[in-house]
There are 2 protein chains.
Amino acid sequence: MEQGKVELYNSKEEYLSDLEKRGKLPEGFKTSVVSLEFFPAERPVEKPLPMKMSLLMLDEPTSVFGAVFTRNKCPGAPVIIGKERLLSDKIRGVIINNKISNVCTETGVEDSALLLEHLAKETGASAKEFFPSSTGIIGWQLPIKDMVKNIPRLVSQLEGGTGVNLATGIMTTDTFPKLRSAEIADGSIVAVAKGAGMIEPNMATMLSFIMTDVSIERETIRNVLKRVVEKTYNSISVDGDQSTSDTVIIMSSCKKQKVSEKEFEEALYNVCAELAVDIVRNSEGCGHVVKVSVTGAPDFETARNIGKAVVNSPLVTTAIFGNDPNVGRLLSSIGDYAGNNNIELDKNKLLISLGGENVFEKGAFRLDQAKEVRLANYLKARVLDSEHKEFPEHNHTVNIDVDLGARAGNVGATVFGSDLSYGYVRENADYRS
Amino acid sequence: MEQGKVELYNSKEEYLSDLEKRGKLPEGFKTSVVSLEFFPAERPVEKPLPMKMSLLMLDEPTSVFGAVFTRNKCPGAPVIIGKERLLSDKIRGVIINNKISNVCTETGVEDSALLLEHLAKETGASAKEFFPSSTGIIGWQLPIKDMVKNIPRLVSQLEGGTGVNLATGIMTTDTFPKLRSAEIADGSIVAVAKGAGMIEPNMATMLSFIMTDVSIERETIRNVLKRVVEKTYNSISVDGDQSTSDTVIIMSSCKKQKVSEKEFEEALYNVCAELAVDIVRNSEGCGHVVKVSVTGAPDFETARNIGKAVVNSPLVTTAIFGNDPNVGRLLSSIGDYAGNNNIELDKNKLLISLGGENVFEKGAFRLDQAKEVRLANYLKARVLDSEHKEFPEHNHTVNIDVDLGARAGNVGATVFGSDLSYGYVRENADYRS
């Protein structure tokens, strides 16, 4: 299927039932989710706020795991601890909560450590064998007493089955759980992700947990993960913000056949590329999904950053929201990025098209009245139908192609983003309520 | 007056009458504005679109002039020609149009050149003595025939008086003309500006024309202009986009006393700083004006860019729009910028305050329920009253102070921006209609 296309479901039930089908956990994994309520210390609220705690656990410890974290310089306590965990010999699992991201509170690292200690006691494993992971409001303290109280329940409810429960447990503003999987050799890769806004450029407020049971080396899985994350989760962008908590963790139970690095990378890339598009399609107030394909760049970084410059320009994304083919803003955002980053840009070699229609070539715009009408119709036909509230609302993309014309190198990248709508503003104007 | 504060007017008439009072043109300058209508080649429209052409002209040529242009790598034809003009010995004036920015059309440079030739013929000056300047839609051709036809009228209507006519002629989505002035020695500086969205980081879709009659060296005026632009027009940000057409031009008739570089720089700084704030207060859908004061930076660039990272974060600006003191997003945007640009950031020395309330200190957030209520009330009290449609709607700022704690260097910068509102999305979703 063309990258960025997704299946359509007639109802939420149909989507969830398909998730159940493709979400069977790889061998050696169990999950559980519990709900709790709490009163935050930082804000007066009339009724308690809901939180979900999720546990992802291997039946036996594994040395084959890896993780990639946000580059944000003020990371949350779970990221600080997670980076240390990369040095651990073996790992048993991940404990995750939504609603509060545990970033820069006075007791943040202690709070996460305390959770892990209680988890270790309850499971018989070591605290060093768990990753903590939190997402949600930045700056608030975890309701640690309420959370600790729920750990026995969390552990006792661990079960096999599918990853749908976990995919649902980690959601914040996501409207649908996101899970993708692939069969590989005699095993599988199953990944869940959370993220619906604030997605860019380093997996912002994006959590993804990837499970596999095929056998592979620790070093290999880590290298593959880094490369795949760059081309998938780090190539989507909803609003140009990266969060303090972004985390991708991969773990293998190694219960199945050995696979080659190449085979594994291909399968992992497909899974993560699909999840990345799911995240954009599920983003706050997304009306149009925008796919920018950049070619002819001297290197991957440049290609991806030009693509991001386009999908991060509020002028481009508001115009797309309004079905206005204001293609001048495409050129402006490209020229803006190039000018501010000392990127060579030969206007005469630059090609820009929208919906397959050539709009810029040989240094000049190529526009006429008939093309304007076609482009406006193209945008109108690609907006989601707000009456239709299933997942996703549609499977179109607004295709923007940019050829930078640098034949030396000639590297490409594909970046996904969404339009900037009233819905985005509404969703984010009081996220914490 | 505190930087960012502006006077309030009870009615548009009162504001305009004050503009007339402070807008008297320096000696040796004349302006004129004509309106015309045209049918664009690129879009089917039912009725013709309006355009204004403005002319700013010196009675005699001057060698004392300078200009600063956008860094966008796909600049408009007027910018390309303008850069050449900096080499001219003498200058007579600037011809400006709104509605179409003349960027990257097949005949763009020829079109601007043709305008100047007709202008030269009509005025008896040389085409090389004029700057062209255009703002508006990117990618469309100038309606050159209609424009040429209006040049005799434009020249015949040149008159002294005030700069209000010019300030009005250059507007696009601006709701009010913007003009600031200062007395200096026995002369004055009078500047007009246009810009209401897409303002960042290099004067995006921002035009400013600055006139003075005091005597000063050509070299000096150019150096002063560059420094002042960095701290004023290049320190405001509405949406992180810089346009293909941003231009600031300064010209002196040298009819008055000689002034020192320091004296001139102070006066010019004040004029441009006030205009920059006017632009933000006049931006599309602006509800809160946000002022980020960064201190303790190792250098000015870092200070300004951290400030811009905050006011350009859609998560920060949507929260402010919603009167939600989501201060976690302030830290996240700072950490995001630092992480992606390899800026040293010592969390333990970082101080963040909102409305004078300390929210982050010694590596941790300092939040409680009473503070949350105070901060929410603070934001609510600083939003414009949408019932009150005068200029500006209010003169508050939402004050965000960030101390990066770098005692070595300890450089600061002040950045202005606005919240991200439904109004911004509406205004930009079909700008061209």
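The values are calculated or read from the model by the stated rules, or taken from the named source; none is laboratory data. Source: prediction; values computed, not measured. Cβ placement follows ideal geometry from the backbone for every residue including glycine, while neighbour counts extend to all protein chains displayed. When the accessible area is computed, the model is the full protein with side chains, heavy atoms only, and any ligands, DNA or RNA have been set aside. Shrake-Rupley method; radii C 1.70, N 1.55, O 1.52, S 1.80 Å.
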Cα gyration tensor of segment B:31-186 - equivalent ellipsoid semi-axes, whole Å, descending:
24, 19, 16
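Given a cut-off of 21 Å, name the pairs among A:Lys349/B:Lys99; A:Lys73/B:Lys349; A:Lys349/B:Lys308; B:Lys231/B:Lys380 whose C-alpha atoms lie farther apart than that in the structure shown. Walk me through the numbers before you get to the answer.
Details: A:Lys349/B:Lys99 28 Å; A:Lys73/B:Lys349 13 Å; A:Lys349/B:Lys308 32 Å; B:Lys231/B:Lys380 29 Å.
Going by Cα-Cα distance, A:Lys349/B:Lys99; A:Lys349/B:Lys308; B:Lys231/B:Lys380 fall outside the 21 Å limit.
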If you count only protein heavy atoms and use a 1.4 Å probe, how large is the accessible surface of A:His118, to the nearest 10 Å²?
60
Counting other Cβ atoms within 10 Å of each Cβ, which GluC sites (Glu not before Pro) in segment A:16-96 have at most 13 and sit in a DSSP loop?
A:Glu46
Tell me, Kirkwood radius of segment B:234-345 from alpha-carbon pair distances, in Å?
16.5
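With +1 on each Lys and Arg Cβ and -1 on each Asp and Glu Cβ, how big is the dipole of segment B:74-222 about its Cα centre, in debye rounded to the nearest 20?
So the dipole magnitude of segment B:74-222 works out to roughly 220 debye.
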Over chain B, what is the mean sequence separation of C-alpha contacts under 8 Å (at least six apart), divided by residue count, expressed as relative contact order in percent?
18
On a C-alpha basis, how far is the centre of segment B:1-46 from the centre of segment B:332-365 in Å? Whole number, if you could?
40
Can you give me the long-range amide H partners of B:Phe365? Hydrogens built in the peptide plane at 1.01 Å from N, cutoff under 5 Å, separation of 5 or more residues or another chain.
A:Thr105, A:Glu106
Taking the Cα centre as origin and putting +1 on Lys and Arg beta-carbons and -1 on Asp and Glu beta-carbons, what dipole magnitude results for the protein assembly as shown, to the nearest 20 debye?
540
Starting from a label point 7 Å past Cα on the Cβ side, list the distances from B:Glu117 to the same position in the other copies, nm, shortest first.
8.4
Compute, for chain B, the length of the dipole vector about the Cα centre, with Cβ point charges of +1 (Lys, Arg) and -1 (Asp, Glu) only. Units Debye, rounded to 20.
320
Charges on Cβ only, +1 for Lys and Arg, -1 for Asp and Glu, centred on the Cα centroid of the protein assembly as shown; of B:Leu384, B:Ala303, A:Leu375, which one is farthest towards the dipole's positive end?
B:Ala303
Convex hull over the alpha-carbon atoms of the protein assembly as shown: what's its volume per residue in Å³?
155
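How large is the Kirkwood hydrodynamic radius of segment B:309-391, counting all unique pairs of alpha carbons, in Å?
Details: mean 1/r = 0.0715 Å⁻¹.
One over the average 1/r among Cα pairs gives 14.0 Å for segment B:309-391.
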Can you tell which of B:Leu119, B:Val103, B:Ser54 lies farthest toward the positive end of the dipole of segment B:47-125, using +1 and -1 charges on the Cβ of basic and acidic side chains (Lys, Arg; Asp, Glu)?
B:Val103
Lys/Arg Cβ at +1, Asp/Glu Cβ at -1, dipole of the protein assembly as shown taken about the Cα centre: which of B:Pro314, A:Ala273, A:Gly160 is farthest positive-ward?
A:Ala273
Accessible-area value, A:Lys380, 1.4 Å probe, nucleic acids and ligands omitted, Å²:
110
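Cα gyration tensor of segment A:16-87, axes a ≥ b ≥ c as square roots of the eigenvalues: rounded (a/c below 1.5), prolate (a/b > b/c) or oblate?
Numbers: a/c = 2.31, a/b = 1.22, b/c = 1.90.
Taking the square roots of the gyration eigenvalues as a ≥ b ≥ c, segment A:16-87 is oblate.
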Could you work out the local net charge near B:Ser353, counting Lys and Arg as +1, Asp and Glu as -1, over the other residues with Cβ closer than 13 Å to its Cβ?
0
Taking placed amide H atoms and a strict 5 Å upper bound, the residues 5 or more places from A:Trp140 or on another chain that come that close are A:Ser101, A:Asn102, A:Val103
Under 23 Å from the Cα of B:Lys258 - lysines, other chains or at least 8 residues apart
B:Lys24, B:Lys30, B:Lys90, B:Lys226
The distance between the Cα centres of segment B:214-230 and segment B:279-324, in whole Å, is 28
Is segment B:80-153 rounded, prolate or oblate when judged by the Cα gyration tensor, a ≥ b ≥ c being the square roots of its eigenvalues, rounded requiring a/c under 1.5 and prolate requiring a/b larger than b/c?
oblate
Put A:Met171, B:Met251 in order of accessible area, largest first, 1.4 Å probe: what do you get?
A:Met171, B:Met251
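Taking a ≥ b ≥ c as the square roots of the Cα gyration tensor eigenvalues, with a/c under 1.5 meaning rounded and otherwise prolate when a/b beats b/c, else oblate, which class fits segment B:106-260? Write down the numbers at each step before the final one.
Values: a/c = 1.70, a/b = 1.14, b/c = 1.50.
Judged from the Cα gyration tensor, segment B:106-260 comes out oblate (a/c at least 1.5, b/c at or above a/b).
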Would you kindly work out the equivalent ellipsoid of segment A:149-192 from its C-alpha gyration tensor and give its semi-axes, the square roots of five times the eigenvalues, largest first in whole Å?
23, 17, 6
